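The values are calculated or read from the model by the stated rules, or taken from the named source; none is laboratory data. Note that this is a predicted model, so its numbers are computed, not measured. Glycine gets a Cβ as well: all are built from the backbone with ideal geometry, and neighbour counts include every protein chain shown. Just so you know, the surface numbers come from the protein's heavy atoms only, side chains and all, with ligands and any DNA or RNA stripped out. Shrake-Rupley method; radii C 1.70, N 1.55, O 1.52, S 1.80 Å.
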Amino acid sequence: MTRTTATTDVAIVGAGPAGLMLAHLLQRAGIDSVAIDIRSREEIENTHRAGILEQDSVRLLVESGVSDRVLCDGYRHAGIDLAFGGGGHRIDFEALVGASVQLYPQTDVFVDLADARARDGGDVRFGVGEVSVADITGDRPRMRFTDADGVRHEVAARILVGSDGSRSICRHEFPESLRRQFFREYPFAWFGILCEAPPSSEELIYSHSERGFALISQRTETLQRMYFQCDPAEDVAAWSDDRVWEELQARVGANGYVLEEGPITSKVVLPFRSFVQEPMRHGNLVLAGDAAHTVPPTGAKGLNLALADVRVLAEELELHLRGDEGALDRYAERALQRVWKAQHFSYWMTTMLHRLPEASDFDVRRQVGELTSLVTSTAGSTYLAEGYTGWPS
Ligand SMILES: Cc1cc2nc3c(=O)[nH]c(=O)nc-3n(C[C@H](O)[C@H](O)[C@H](O)COP(=O)(O)OP(=O)(O)OC[C@H]3O[C@@H](n4cnc5c(N)ncnc54)[C@H](O)[C@@H]3O)c2cc1C
């Protein structure tokens, strides 16, 4: 088996949004990187995930020269509907905090980032295998992998970044005695669909009901994304299109909404949990994005947190490579402050809107009381609007 070796400044494990955005920002600062991913570009492009970008995520994509498309092909949302107790209540972000979010699918964010890397001659290797890292506390940490032709490669770098998502191998390189992992499991999941239908509403509807939570989201004029709370062990095969529509219509119908229906092109069960690993740096290995933390998707924070991490990481890496010894620890501290705020926000949105399996009538009425307090209080609504549109960096 042939073996090639190369050197670079920063070796990046995982070329999702965090890894590719980091590589892009580093290149703008004159720093070389090599990024690898175990999946092919096509596979990542066709994995449907997040859809809501905070205002700072949009700004980062536009101002760093990754995407203009996000402004013309994306849809500006200046609020959301909170639906409960028989009706809808709009949270007007624009009026409350002078901000909005952008509906722009993660698949498009990825395409824009991968195109930018190709345009700028960035070194990104998709579809690699047998990935490992070594010497993470030494001066020359290494990333090893096999390409699609079976050739082994080794890249020696000054810093390794683990942006390899929620099943990260990099985070396991942190010695058990030095790492802390914080978990919260939830006794429910989301049943997600993509359907070919016109939008049922202009903005997202977060719907609480006695049958459980539903989220009505959009993608384009002809493609929509919707979810309803389900058991984590739910069998997708047991859900015909008719049954899915009946359930979704019942959940939002309780609050006065009617959905536009159409053929369902994808059905998937998405288990979710909250997770953080601390610290986010050990030796010359740092973590970014889902590799270090995951959130339940209710607050639309996962992708935004990944982008926020690497915005800070690019700044601190530049200082580190110029000799500032405190820079990597500063990255971890700065990133974790936002991570824990987002953990709380996502947990709060999740527990306020979902029905626990053992929920009593009291619990459901209490949730309606909380939601009513929120929509009838400028302070409460402003708190939600600030968190949803994204705290200033
Ligand atoms: C099904 C699903 C639905 C979601 N829905 C939402 C949503 O509605 N809203 C929201 O805000 N967030 C959502 N999220 C979360 C959001 O998609 C993530 O937070 C975001 O993708 C994080 O970006 P990342 O770059 O850190 O990780 P990822 O996007 O996971 O990228 C990590 C990359 O690393 C690669 N990789 C993994 N292991 C290795 C390895 N050993 N070697 C090399 N490469 C490796 C993977 O192939 C992947 O491309 C969802 C996540 C999932 C899984």
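Average accessible surface for the chain: 42 Å² per residue, computed with a 1.4 Å probe over protein heavy atoms with every protein chain in place. The figure for residue 358 is an accessible area of roughly 130 square angstrom, using a 1.4 Å probe on the protein chains alone. The heavy atoms of residue 70 present about 0 square angstrom of accessible area, all protein chains included, probe 1.4 Å. Rounded to 0.05, the FRET efficiency of the residue 325 and residue 265 pair, given R0 = 56 Å and the Cβ-Cβ distance, is 0.60. Taking Cα atoms only, the orientation of helix 361-375 departs from the longest principal axis of the chain by about 80 degrees.
With the Cα gyration tensor of the stretch 135-184 giving a ≥ b ≥ c as the square roots of its eigenvalues, does the rule (a/c under 1.5 for rounded; else a/b larger than b/c for prolate; else oblate) give rounded, prolate or oblate? Oblate. Scalar couplings 3J(HN,Hα) for the stretch 155-160, obtained by applying the Karplus form with A = 6.51, B = -1.76, C = 1.60 to θ = phi - 60°, are 10, 8, 9, 8, 9, 10 Hz; x denotes Gly and Pro. A full extension of the chain between residue 69 and residue 41 corresponds to an added length of 8.1 nm, given 0.36 nm per residue minus the alpha carbon distance. Positive-end ranking of 133, 118, 192 along the dipole of the stretch 65-196, with charges on Cβ about the Cα centre, is headed by 133. Residue order by solvent-accessible surface for 112, 149 is 149, 112, largest first, with ligands and nucleic acids left out and a 1.4 Å probe. Distance between Cα centroids, the stretch 2-62 to the stretch 117-192: provide it in whole Å. About 12 Å separates the Cα centre of the stretch 2-62 from the one of the stretch 117-192. About its Cα centre, the dipole of the chain is roughly 760 debye, where the only charges are +1 on Lys and Arg Cβ and -1 on Asp and Glu Cβ. Full-extension gain between residue 48 and residue 240, please, as 0.36 nm times their residue separation minus the C-alpha to C-alpha distance. Result for the pair: 67.1 nm of gain on full extension. With a cut-off of 17 Å, note down the residues of the stretch 20-43 whose backbone N falls inside the zone around a label point 7 Å from the Cα of residue 149 toward its beta carbon. Nothing falls inside the zone, counting backbone N under 17 Å. Think of it as helices only: each DSSP H run of n ≥ 4 in the chain is worth -39500 (n - 2.57), and spread over all residues that comes to -11000 deg cm²/dmol at 222 nm.
If the Kirkwood radius is taken over C-alpha pairs of the chain, then at 10 °C and 1.306 mPa s the Stokes-Einstein diffusion coefficient equals 72 µm²/s. Converting phi to 3J(HN,Hα) with the Karplus coefficients 6.51, -1.76 and 1.60 and the offset θ = phi - 60°, the stretch 131-145 yields 7, 8, 10, 8, 6, 6, 9, x, 6, 10, x, 10, 10, 10, 6 Hz in sequence order, with x at every glycine or proline. Karplus-based coupling profile of the stretch 346-353, in residue order and whole Hz: 5, 5, 4, 4, 5, 6, 6, 9, with θ = phi - 60° in 6.51 cos²θ - 1.76 cosθ + 1.60 and x standing for Gly or Pro.
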